[in-house]
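Reviewing the structure listed below.
The values are calculated or read from the model by the stated rules, or taken from the named source; none is laboratory data. All values reported here derive from a predicted model rather than from experimental measurement. Neighbour counts are summed over all protein chains in view; Cβ atoms, including those assigned to glycine, are modelled from backbone coordinates with ideal geometry. With ligands, DNA and RNA removed, areas are computed over all heavy atoms of the protein, side chains included. Shrake-Rupley method; radii C 1.70, N 1.55, O 1.52, S 1.80 Å.
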Amino acid sequence: MRRILSVVAALSTVACVDLPAGWEDAKRVSDFTQADCDGSPYDSDVPDVTVTATADAGAVTVSAEPLDFRCAQDVEGFWKASGGAVDLLVQPIDMNPRAVAGCDCLYRIDATIESPEAESVTVWRRWDNLNDGNDPVKEGEATVTAP
């Protein structure tokens, strides 16, 4: 009985993922890291987002920085592929937070995606649902290179 409840709980967690239109069939990135906050998006010298993508052994490792999210907000990644193009969506784990920090931070994310035929990667960012107009925003793209 306990095992059945665990399976039901796991399935309901997956089913409750808040993804935007067009991303319903996206897969969660299982190998995803978010670096500690490294600066404020309100500084005058914030660089444009840089995306790199490297192919290795049937997977693509993607890095993107700086991505703007709330301070102390954990994010996750979802990906979908069409032909040789891979789209990576980065969004908060909790899309409906009860309380939020009164500041924003710049983060670096790294994701490994099992997509052996990837030729290019586009990174999209989405904030939590406390923002109006919360459609994904294209942050950058990269051609996949060999190591």
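A few notes on this one:
- For the chain, adding -39500 (n - 2.57) for each run of n ≥ 4 DSSP H residues and dividing by the number of residues yields -3000 deg cm²/dmol at 222 nm.
- Taking N as its residue count, the alpha carbon Rg of segment 35-103 over 2.2 N^0.38 Å: 1.32
- Distance in nm between pseudo-label sites at Cys16 and Met95 (7 Å out along the Cβ direction from Cα): 1.3 nm
- Extreme residue, positive dipole direction of the chain, given options Val51, Ser40, Gly84 (C-beta unit charges): Gly84
- Cysteine residues of the chain whose C-beta has no other cysteine C-beta under 4.7 angstrom: Cys16.
- Length-normalised contact order of segment 14-112 in % [C-alpha pairs under 8 Å, at least 6 apart]: 40 percent
- Over all pairs of different C-alpha atoms in the chain, the reciprocal of the mean inverse distance, the Kirkwood hydrodynamic radius, equals 16.2 Å.
- If both residues of a DSSP beta bridge must be in the chain, then about 85% of such bridges are antiparallel.
- In a simple Cβ point-charge model (Lys, Arg +1; Asp, Glu -1; nothing else charged), the chain has a dipole of about 720 debye relative to its Cα centre.
- Positive dipole terminus of segment 61-126, leading residue within Asn96, Val75, Thr122 (C-beta point charges): Asn96
- For the residues Asp132, Asp48, a 1.4 Å probe over the protein chains yields an accessible-area ranking, largest first, of Asp132, Asp48.
- Euclidean distance between Cα centres, segment 52-67 to segment 80-147, Å: 12 Å
- Ligands, DNA and RNA are left out, and with a 1.4 angstrom probe the accessible area of the chain is 60 Å² per residue.
- Sequence-distant residues sharing a close amide H with Glu76 (under 5 Å, placed H): Gln91, Ile93
- Protein heavy-atom surface of the chain, 1.4 angstrom probe: 50% of the accessible area is carbon and sulfur, with nucleic acids and ligands not counted.
- Compared with the alpha-carbon gap, the fully stretched path from Glu24 to Asp36 is longer by 1.4 nm at 0.36 nm per residue.
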